[in-house]
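The structure appears below as structure tokens.
Derivation of every value follows stated rules applied to the coordinates shown; laboratory data play no part. Please read these numbers as outputs of a predicted model, since none were measured by experiment. Glycine gets a Cβ as well: all are built from the backbone with ideal geometry, and neighbour counts include every protein chain shown.
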């Protein structure tokens with residue numbers, strides 16, 4: 001058996017289908033990622049010919065959306081807090097919409113953890129490429145940013 005990649009529907013987010021991608025190798029180890037928030041869903045290995053999950057995950061999309069935590073999700077434009085949701089860059093001060101009291105946490109309410117990424121893959125290959133764009137108009141950061149994982 002060679003490496004394979006499969007994609008199955010996992011739910012719907014903001015009117016778009018969310019997919020669960022599984023990359024499986026010849027040893028039946030499986031890496032699983034969601035298009036929603038480019039989430040590392042699971043890493044599964046065989047132990048005594050039985051699958052053994054090594055990553056904490058939810059079994060449905062609603063739990064990922066509703067949890068206040070970023071379980072397995074890709075976060076950004078920043079990971080962590082920007083104090084008072086304000087920073088300076090090249091002499092210009094930027095005021096961002098706070099989402100954690102008066103601070104900005106993990107890129108705010110429009111960060112990577114809120115995006116459903118587009119995916120490309122070859123079913124007989126060994127990579128899934130996830131891409132999304134953060135728009136300055138949505139998050140208040142300077143410049144649009146396209147992120148590819």
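Rg to Rh for the chain: what is it, with Cα atoms only and Rh by Kirkwood? Don't skip to the end; give the middle numbers.
On the way: Rg = 17.5 Å, Rh = 16.8 Å.
Ratio of gyration radius to Kirkwood radius: 1.05.
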Multiplying the sequence separation of residue 147 and residue 50 by 0.36 nm and subtracting their Cα-Cα distance, what value in nm do you get? 31.3 nm
Convert 4 °C to kelvin, take the viscosity as 1.567 mPa s, use the Kirkwood radius over C-alpha pairs of region 84-149 as Rh, and evaluate the Stokes-Einstein diffusion coefficient in µm²/s, rounded to a whole number. 96
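Report, in deg cm²/dmol and to the nearest 500, the calculated mean residue ellipticity at 222 nm for the chain, where each DSSP H run with n ≥ 4 adds -39500 (n - 2.57) and the sum is divided by the residue count.
Numbers: 2 runs with 10 residues, N = 149.
The per-residue figure over the chain is -1500 deg cm²/dmol.
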Inter-part gap, Cα centre of region 113-143 to Cα centre of region 64-93, in whole angstrom, is 17
Cut-off is 10 Å between beta-carbons; in what order do 124, 42 appear when sorted fewest neighbours first? 124, 42
Test of understanding: ordering 130, 96 by Cβ neighbours within 10 Å, fewest first, what list do you get? 96, 130
Could you check which residue among 93, 127, 74 shows the biggest mean-square fluctuation in a GNM of the chain with a 10 Å Cα cutoff? 93
For the chain, what relative contact order do you get, as a whole percent, if you take Cα pairs closer than 8 Å and at least 6 residues apart? 20
